[in-house]
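Step one of this worksheet: look at the structure below.
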Amino acid sequence: MTDYDVIVLGAGPAASSAAVTCAVGGMKVLMADRYPEDVCKPCGDGLSENGLEALAKLSVSADRLLEAGAHPISRSVHLWPGWRSEVRHDDRGFLTLPKPCLLRLVRSRAEEAGARIRYAAETPVQRDGLWQIGDTARAPRLIDASGAQSGFRQDPALRRGLPIGASMVISAKPPLDEDSVWFWHLPDDPTGYRWAFPLGDRRWNIGVWRSAETARIKAEMERFIALCAGKCPDHFAVIRPAAYAFLGTSPTSRADQAEDGCLQAGDAAGTCDASSGEGIPQAVASGMLAAETCLRGAERSRATRPQSADQNI
Ligand SMILES: Cc1cc2nc3c(=O)[nH]c(=O)nc-3n(C[C@H](O)[C@H](O)[C@H](O)COP(=O)(O)OP(=O)(O)OC[C@H]3O[C@@H](n4cnc5c(N)ncnc54)[C@H](O)[C@@H]3O)c2cc1C
């Protein structure tokens with residue numbers, strides 16, 4: 001059995017950010033993800049200015065993202081029926097990068113800081129006041145950064161009504177600029193939209209998100225794929241097939257709110273923006289915040305621990 005100061009559940013953006021902060025603060029950290037290393041939840045692959053700022057605090061700079069293959073975006077175009085608006089982005093103010101590449105970067109940053117990562121890990125259970133993974137690892141603290149639908153102490157019934165998104169990666173040549181991200185707002189859903197985000201070299205992340213109408217997302221996504229294929233008759237190929245996921249969970253879906261040494265971060269804590277679907281900046285910021293809280297808690301425990309007889313002499 002190896003003793004850690006903290007176990008971080010998950011190995012996504014929130015977990016990696018928490019692990020970096022805890023490890024830099026001097027803690028012995030184990031990140032434990034339930035899935036193999038190559039499993040990745042669907043994402044739009046967009047990194048806004050807020051996302052880039054948050055990642056820079058982990059020393060994952062725009063330069064590092066560009067070296068990893070990020071694609072620079074100079075404007076966002078929003079299209080409503082009969083109305084169009086544009087937002088210009090500064091140099092490196094918006095990048096796109098496939099989430100698997102982002103995960104490789106943030107996870108390697110966690111390892112550089114000293115955290116260990118275990119994939120296909122068992123779910124931790126609490127025993128004798130410690131969080132334990134089988135007979136192999138234990139820690140007094142747990143940061144749950146296991147995402148929106150991990151099932152870890154989440155009540156699926158309370159997920160009903162949450163926003164849901166779908167995304168896929170295609171190779172295509174649409175009649176759109178490859179330096180802009182495109183949003184088509186849905187007329188029947190006040191916050192829903194379709195998007196097309198260029199990833200460079202004719203690769204596009206396309207997707208749909210809808211507020212709370214889970215049943216309609218598949219039909220909406222299939223209509224959008226057919227439309228995109230029709231607009232790109234010369235070249236359209238699927239690189240990553242469509243996948244569906246909730247955009248964050250409700251903090252109230254936590255089945256057990258007891259004070260048991262477990263903090264939540266990222267989508268597991270419902271930090272994703274319910275109106276835009278953006279969640280990476282919040283995942284990084286909340287992961288860091290949970291880690292800082294853990295570090296302060298550990299410091300307080302050390303300060304208030306009764307001194308041994310030897311130390312009193
Ligand atoms: C379709 C879609 C498009 C999106 N587009 C964007 C975008 O363009 N830009 C943006 O900023 N945000 C976007 N988001 C939101 C963003 O992807 C999430 O908010 C962000 O990934 C949350 O990070 P996280 O670390 O909290 O969770 P996740 O990224 O979900 O990571 C959770 C990790 O926990 C692991 N895990 C799952 N269950 C368990 C378990 N039981 N035990 C242990 N580990 C477990 C998973 O394998 C995963 O590694 C999008 C979301 C969706 C669904």
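Taking the conditions exactly as written (within 15 Å of the ligand (Cβ to nearest atom), under 15 Å from the mean Cα position of the chain (by Cα) and either more than 30 Å from Q132 (Cα to Cα) or not in a helix (DSSP H, G or I) (or both)), does L58 satisfy them or not? Quick ask: steps written out before the conclusion?
On the way: within 15 Å of the ligand (Cβ to nearest atom): yes; under 15 Å from the mean Cα position of the chain (by Cα): yes; either more than 30 Å from Q132 (Cα to Cα) or not in a helix (DSSP H, G or I) (or both): yes.
Answer is yes for this residue.
Please determine whether any residue of segment 124-137 is in contact with a Cys (Cβ under 6 Å, 6 or more places away or on another chain) and either under 18 Å from F183 (Cα atoms) or surrounded by fewer than 18 Cβ atoms within 10 Å (Cβ to Cβ) (or both). It would help to see each step written out before you state the result.
Looking only at segment 124-137, we keep the residues that are in contact with a Cys (Cβ under 6 Å, 6 or more places away or on another chain), and these are none.
Checked against the condition, which is being in contact with a Cys (Cβ under 6 Å, 6 or more places away or on another chain) and either under 18 Å from F183 (Cα atoms) or surrounded by fewer than 18 Cβ atoms within 10 Å (Cβ to Cβ) (or both), segment 124-137 yields no hits at all.
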Do you know which residues across segment 197-233 are in contact with an Asp or Glu (Cβ under 8 Å, 6 or more places away or on another chain) and of a type in the set (A, V, I, L, M)?
L199, V208
Of S76, S108, S85, which residue is over 25 Å from Y4 (Cβ atoms), without any contact (Cβ under 8 Å) to a residue 24 or more places away in the chain and of a type in the set (S, T, N, Q)?
S85
Among A139, A120, A172, which is within 13 Å of the ligand (Cβ to nearest atom) and either more than 30 Å from A290 (Cβ to Cβ) or modelled with pLDDT of 90 or more (or both)?
A120
Please work out which residue is farthest from the ligand (Cβ to nearest atom), limiting yourself to segment 1-30 and to residues that are in a strand (DSSP E or B) and farther than 22 Å from G51 by Cα.
D3
Breaking point among (1) of a type outside the set (S, T, Y); (2) more than 16 Å from the ligand (Cβ to nearest atom); (3) in contact with a Pro (Cβ under 9 Å, 6 or more places away or on another chain), for A145
(2)
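Based on what the data block shows, is R88 away from the ligand (no atom under 12 Å from the Cβ), charged (D, E, K, R) and within 21 Å of M288 (Cα to Cα)?
On the way: away from the ligand (no atom under 12 Å from the Cβ): yes; charged (D, E, K, R): yes; within 21 Å of M288 (Cα to Cα): no.
Answer is no for this residue.
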Restricting to segment 109-123, count the residues that are surrounded by 21 or more Cβ atoms within 10 Å (Cβ to Cβ) and among the polar types (S, T, N, Q).
0
Could you give every pair whose Cβ atoms fall below 8 Å, whose first residue belongs to segment 44-58 and is without any contact (Cβ under 8 Å) to a residue 40 or more places away in the chain and more than 24 Å from I239 (Cβ to Cβ), and whose second residue is part of a helix (DSSP H, G or I) and more than 10 Å from the ligand (Cβ to nearest atom), counting only separations of at least 6 or pairs across chains?
A56/A62
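Of all residues in segment 57-91, which are among the acidic types (D, E) and in contact with an Asp or Glu (Cβ under 9 Å, 6 or more places away or on another chain)?
D90
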Neighbours by Cβ (under 7 Å, 6+ apart or cross-chain): first from segment 173-184, among the aromatic types (F, W, Y); second assigned to a loop (DSSP other than H, G, I, E, B):
W182/L176
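The values are calculated or read from the model by the stated rules, or taken from the named source; none is laboratory data. Model, not experiment: these values are computed from the prediction. Methodologically, a virtual Cβ is constructed for each residue, glycine included, from the backbone with ideal geometry; neighbour enumeration extends over all protein chains shown.
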